[in-house]
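A.B. asks: Here it is, the structure in full.
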Amino acid sequence: MLIGVFVYGMLGWNFRVAMTDQHDAVSEGKFVGLQNFVDIWDLPRWHLSVNHAIMFTVVFVLGALLLGWLLAFLMEKGVRGEGTFRAIYLFPMAISFVATGIVWRWLMNSGTGERAVGLNRLFDWIGLPQWQWFRDPDWGMAAMALPAIWQMSGYVMALFLAGFRGVPEELREAARVDGCTEWGVYRHVVLPLLRPVTLSALIILGHISLKVFDLIVAVSGKQIITDVPAVFMWVAVFDSNDPAKGATIASYIVLSVAIFVIPYLVWSVRKERRS
């Protein structure tokens, strides 16, 4: 009952506001159908925020998947002090995106020369070129994904590590007897069995990236150069007092997340019915 009211009820209310012309804080607004959903594509800022969200999602999802898989692979091969390393890799998950953003805002400071701090100071010390990081007009959102990768790769590592250790050793030995190299064992036996784990990680990372807000604001504030739909929504509702535009943006965010979540739910239900 409470889920129906506070989740689906609020979603329904949001879609209702998105289909009105309530572009100020006092009027009730009249029904305009899908007009707001069409008009928003005429706004350059909306196109910019969508492009930024796509770049952030691609870099974040691929980076976290690859780094998490690599860490899990190294752990699965056996290292001394595995429990300590696992705790270190998982620790960033205990930190909020706000705290992560504040730390990485210092690390990714774009100051150069004598004003350099964080990573730019390190790069200057070892002779590497200094970067603009999230202030770069072309690759700023790729840099913005680095804190998210750092925070979530440990979680992905835990998923893959559990998947690695869930593969029966008999299957690996059978593949080795048939002449498979160690890489062949992973390619033809282990990795195919990890598809459900990979899909789960992809769904989780994808929906996090599409609705990212606190990390962006903590690192760069509400700047156009790092604008994403969630930040644009905040500006539309609380700075511009345009509830209809904000609800429209929120609706698009919900729909984009649904693209990731609904197929996964359908697949899970079908899998449970087959089992």
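The values are calculated or read from the model by the stated rules, or taken from the named source; none is laboratory data. On a predicted model such as this, the values are computed, not experimentally measured, just so you know. Backbone-built Cβ (ideal geometry, glycine too); neighbour counts: all protein chains shown. For the accessible areas, the whole protein counts, side chains as well, though only heavy atoms, and no ligand, DNA or RNA atoms are used. Shrake-Rupley method; radii C 1.70, N 1.55, O 1.52, S 1.80 Å.
A.B. asks: Hydropathy at least -1.0 by Kyte-Doolittle, axial extent at least 30 angstrom from the Cα trace: which helices of the chain, defined as entire DSSP H runs, fit?
C.D. replies: Helices meeting the criterion: 44-76, 140-165, 243-274.
A.B. asks: Would you mind giving the three semi-axes, in whole Å and largest first, of the ellipsoid equivalent to region 36-99 according to its Cα gyration tensor?
C.D. replies: Semi-axes, largest first: 39, 14, 7 Å.
A.B. asks: Let me ask something else about it. Kindly state, to the nearest 0.05, the FRET efficiency for residue 10 paired with residue 117, given R0 = 51 Å and r defined as their beta-carbon distance.
C.D. replies: 0.75
A.B. asks: Shifting gears a bit: Can you list the aspartates and glutamates whose alpha carbon sits under 16 Å from that of residue 77, skipping same-chain ones fewer than 8 residues off?
C.D. replies: Those aspartates and glutamates meeting the cut-off are 169, 173, 182.
A.B. asks: How far, in nm, would the chain grow between residue 274 and residue 70 when pulled straight, counting 0.36 nm per residue and subtracting the alpha carbon separation?
C.D. replies: 70.2 nm
A.B. asks: Can you give me the Cα centroid spacing of region 95-112 and region 155-175 in angstrom?
C.D. replies: 35 Å
A.B. asks: Can you tell me how the chain classifies by the Cα gyration tensor, rounded, prolate or oblate, using a/c under 1.5 as the rounded cut?
C.D. replies: Since a/c reaches 1.5 but b/c is at least a/b, the shape of the chain is classed as oblate.
A.B. asks: With N denoting the number of residues in region 59-143, provide Rg(C-alpha) divided by 2.2 N^0.38 Å, to two decimal places.
C.D. replies: 1.34
A.B. asks: Go ahead and set up a Gaussian network model of the chain, Cα springs under 10 Å, then flag whichever of 105, 172, 80 fluctuates most.
C.D. replies: 80
A.B. asks: Checking the cross-link filter: which aspartates and glutamates have an alpha carbon closer than 15 Å to that of residue 222, excluding same-chain neighbours under 8 positions apart?
C.D. replies: Those aspartates and glutamates meeting the cut-off are 214, 239.
A.B. asks: Which lysines have a Cα lying under 24 Å from the Cα of residue 30, excluding residues fewer than 8 positions away in the same chain?
C.D. replies: 245
A.B. asks: Please report the accessible area of residue 182 (heavy atoms, 1.4 Å probe, ligands and nucleic acids excluded) in Å², nearest 10.
C.D. replies: 70 Å²
A.B. asks: Bin width 5 Å, alpha-carbon pairs only: give the P(r) of region 168-248 as whole percents, running from 0 to the bin holding the largest distance.
C.D. replies: 3, 13, 14, 12, 10, 7, 6, 7, 7, 7, 7, 4, 2, 0
A.B. asks: Which one, 11, 25, 60, is farthest towards the positive end of the dipole of region 1-61 when Lys and Arg carry +1 and Asp and Glu -1 on their Cβ?
C.D. replies: So the residue we want is 60.
A.B. asks: Equivalent-ellipsoid semi-axes (√(5λ), Cα gyration tensor) for region 1-156, whole Å, largest first?
C.D. replies: Computed over region 1-156, the values are 39, 25, 14 Å.
A.B. asks: Ignoring ligands and nucleic acids, what accessible area does residue 170 show with a 1.4 Å probe (Å², nearest 10)?
C.D. replies: Number for this one is 130 Å².
A.B. asks: Could you state how much accessible area residue 268 has, in square angstrom rounded to the nearest 10, with a 1.4 Å probe and all protein chains kept in place?
C.D. replies: 30 Å²
A.B. asks: Could you work out how far apart the two model spin labels at residue 239 and residue 182 are, taking each label as a point 7 Å from the Cα in the direction of the beta carbon, and quote it in nm?
C.D. replies: 5.2 nm
A.B. asks: What whole number of Å gives the distance from the Cα centroid of region 15-61 to the Cα centroid of region 215-275?
C.D. replies: That distance is 11 Å.
A.B. asks: Based on the alpha-carbon gyration tensor of region 108-213, what equivalent-ellipsoid semi-axes (square roots of 5 times the eigenvalues) come out, in whole Å, largest first?
C.D. replies: 40, 19, 11
A.B. asks: Another question, if that's okay. For the chain, what is the calculated [θ] at 222 nm in deg cm²/dmol (nearest 500), taking -39500 (n - 2.57) for each run of four or more DSSP H residues and dividing by its residue count?
C.D. replies: -20500 deg cm²/dmol
A.B. asks: Once the piece of chain linking residue 77 and residue 198 is laid out straight, how much longer is it, given 0.36 nm per residue of separation minus the C-alpha distance between them?
C.D. replies: Full-extension gain reported as 41.6 nm.
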